[in-house]
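Values in this text are rule-based calculations from the coordinates and carry no lab data. Nothing here was measured: the structure is a model prediction, and the numbers come from that model. Cβ sites come from the backbone with ideal geometry, for glycine too, and all protein chains shown count toward neighbours.
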Amino acid sequence: MASKFYRKCMQLRTFLVQLSLKYMKLHFIAKSWQRSVKYLLPVFFVASLIAVLLLNSLSGAIAQDLFNPAPNPPPRQEIRGVWMTINDIDILRDRDSMREAVAQLARLHFNTIYPVVWNSGYTMYPSAVTQRMGIQPFVYRGTEGQDILADLIAEGHRQGLLVIPWFEFGFMTPPTSELALKYPNWITHRRDGSQTWNSAAGEVVSLNPFMPHVQQFLSELILEIVTQYDVDGIQFDDHASLPNALGYDKYTTTLYAKEAKKSPHPDPQNPDWVRWRANKITAFMKYLNQLVKTYKPNAIFSVAPNPYDYAYKAHLQDWLTWIRIGIVDELIVQVYRPNLQVFIEKISRPEMAEARQKIPTGVGILTGLRNRPISMQQIEEQVGASRDRGLGVCFFFYESLWEYAPEPVAQRQAGFQTLFPYPANRAAFQ
């Protein structure tokens, strides 16, 4: 299109030059016309000259853009994040290792860290809430006795990175955790009474997301983080949800019968039964958003779910509605698929495009596990596909950026440097 416009400009310029030359020859026409034309000649000539000069400038600029395009840096609010998990705890506990890790992320133009603060029924920081409930006889502290979360936040901010604590386990907890053992009535179950299910973290149970005591407990943990630490936001992931087979406990079935005027459907995938439970989780997420914003209005309310169809049907997590009602400031969808075509299909879904039009949106990309190395080529292809669609990225997890990899550490770090040649600073307030 630019080339076509350039040709039109050149054609118009040639026409105006020829027109001005024709008017300069008007003194050869009959005298009866000369008196009328002599007053118009200067006007036509000046107008033609100005038009030619303007078109020269315009066409030159177009040619400059066509043949010497300026670099196109990524958007300022592009998410370039990494999750720091319980596997990274040794790095976080050692102050020198933590500082070097954050400095390395800053050098490679990352802009956001998501450190775990809730895992396996325990907090990764000294929590007055859990200690008051008697479910945490110890706290995670650094090798110098430091609060590792406070230390990480301070260092991240010094290096220009956002730090958004991540409630990794959500309503999920191991059946052997003190939380599950001390508060067994908080655990929901299937229709047959069974409670446990298998997750990536092993065998777990689920706290009842509809029970006031459970909601109060999680709300107090979140409020503790928001008020006691200089965080840039809070993140919930795919475990701020409920597997659709669960929810047949006495409290939930009684509440459903009261509100829906019927008993829960024996089929856990029944649309009405799914919708009612999903709406209850949505209502709680809305409350949490209001709670966070009351104490820290500029905090980023971030969610990192699975792709929507699976998240809603299998885990009652209606994150598209959360975005539409305005309670999500940032979305990162976990797409841990090794096949590039499948990966592209997931990130090209219309709900991803809709989210991207409203809030900063990214893709969770797996960079490796201890028993599952991921090649740099796969990472580069997935990052490229994401950025081609205007999506940011977040990597799972920090240590696997360089470790458990088929390539040497230096090669991996060089690869990430190539991925992010430009800085992409973020503001806490989106």
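Some notes on this structure:
- Interchain or long-range residues, amide H under 5 Å from Leu162's placed H: Thr112, Ile113
- Stretched out straight at 0.36 nm per residue, the stretch from Gln413 to Arg389 would grow longer than its current Cα-Cα span by 6.2 nm.
- Projected label points at Lys293 and Lys250, each 7 Å from Cα along the beta carbon direction, are separated by 3.8 nanometres.
- Prolate/oblate/rounded label for the stretch 160-275 (Cα gyration tensor, a/c 1.5): prolate
- The ranking of Leu419, Leu218 from fewest to most other beta carbons within 10 Å of each one's beta carbon is Leu419, Leu218.
- With neighbour counts taken as other beta-carbon atoms within 10 Å, the residues Lys296, Lys286 rank, fewest first, as Lys286, Lys296.
- Zone of Leu181's modelled label, taken as backbone nitrogen in the stretch 201-219 under 19 Å from a point 7 Å along Cα→Cβ: 202-207
- Cleavage-rule hits, chymotrypsin sites (Phe, Trp or Tyr not before Pro), the stretch 356-430, DSSP coil, Cβ neighbours within 10 Å at most 11: Phe429
- In nm, spacing of pseudo-spin labels at Asp309 and Arg99 (7 Å Cα→C-beta vector): 5.0 nm
- Sorted by Cβ neighbour density within 10 Å, fewest at the top, the residues Ser219, Ser127, Ser263, Ser400: Ser263, Ser219, Ser127, Ser400
- Restricting the chymotrypsin sites (Phe, Trp or Tyr not before Pro) of the stretch 78-171 to loop positions (DSSP other than H, G, I, E, B) with no more than 15 neighbouring Cβ atoms within 10 Å leaves Phe138.
- The stretch 89-167 and the stretch 242-268: distance between their alpha carbon centers, rounded to Å: 38 Å
- Under Karplus coefficients 6.51, -1.76 and 1.60, residue-wise ³J(HN,Hα) of the stretch 147-154 in Hz, glycine/proline x: 6, 5, 5, 4, 5, 5, 4, 4
- Per-residue Karplus couplings for the stretch 89-101, computed as 6.51 cos²θ - 1.76 cosθ + 1.60 with θ equal to phi - 60°, are listed in order as 4, 5, 5, 5, 6, 8, 4, 5, 5, 4, 5, 5, 4 Hz, Gly and Pro entered as x.
- Extended-chain gain in nm, criterion 0.36 nm per residue less alpha-carbon gap, Lys258 and Ala283: 7.3 nm
- Net length gained if the chain between Gln131 and Asp230 were fully extended (0.36 nm per residue, minus Cα distance): 33.5 nm
- Normalised contact order of the stretch 160-312, rounded percent, pairs of Cα under 8 Å and 6 or more residues apart: 29 percent
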